[in-house]
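Before any comments, here is the structure.
The values are calculated or read from the model by the stated rules, or taken from the named source; none is laboratory data. All figures in this text were calculated on a predicted structure; none of them were measured in a lab. Please note: Cβ atoms are built from the backbone with ideal geometry, for glycine as well, and neighbour counts cover all protein chains shown. These area figures cover heavy atoms from the full protein model, side chains too; ligands, DNA and RNA do not enter into them. Shrake-Rupley method; radii C 1.70, N 1.55, O 1.52, S 1.80 Å.
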Amino acid sequence: MGGAWTRGGFQPNSARYSGAAGAEVTSNRYDLGILDVHMPELDGFELCSHIRTMELHAETPIFFITGHTSLENRVKSSLRGGNEFIAKPFSIQDLALKALKAIITGQLRNR
């Protein structure tokens, strides 16, 4: 996940399994979460709901990036606390712009 993100000034962290991601966000503050709809162990919707129960991440922007773009999945992502639903294939420039906007807005809100 590094490459373009680190060149953009981000310090990305990734987890292959949703259980590991859930454990990671329990004890670390993140400015942005990026999930897929289908993930090993918990699906992205369940993980998003779990993250939203944490005081530390109640307002953290969460993006879903997925090839599973049905209306049902779009609605579920919103109902479970997702902020953006981005269909694959996507433009890395568009994702970077949305990520920067969400991070800056979140930082201004938390001052």
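Below are the figures for this structure:
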item	result
Answer residue from the range 35-85, given it is β-branched (Val, Ile, Thr) and more than 20 Å from Arg16 (Cβ to Cβ) and is most open to solvent (accessible area, probe 1.4 Å) among those	Thr53
Hits in the range 86-98 (condition: in a helix (DSSP H, G or I) and either of a type outside the set (Gly, Ala, Ser) or open to solvent by 50 Å² or more (accessible area, probe 1.4 Å) (or both))	Ile92, Gln93, Asp94, Leu95, Leu97, Lys98
Test: residue in the range 22-34 that is part of a loop (DSSP other than H, G, I, E, B), closer than 30 Å to Arg111 by Cβ, out of contact with any Ser or Thr (no Cβ under 9 Å at 6 or more places or on another chain) and open to solvent by 50 Å² or more (accessible area, probe 1.4 Å)	yes
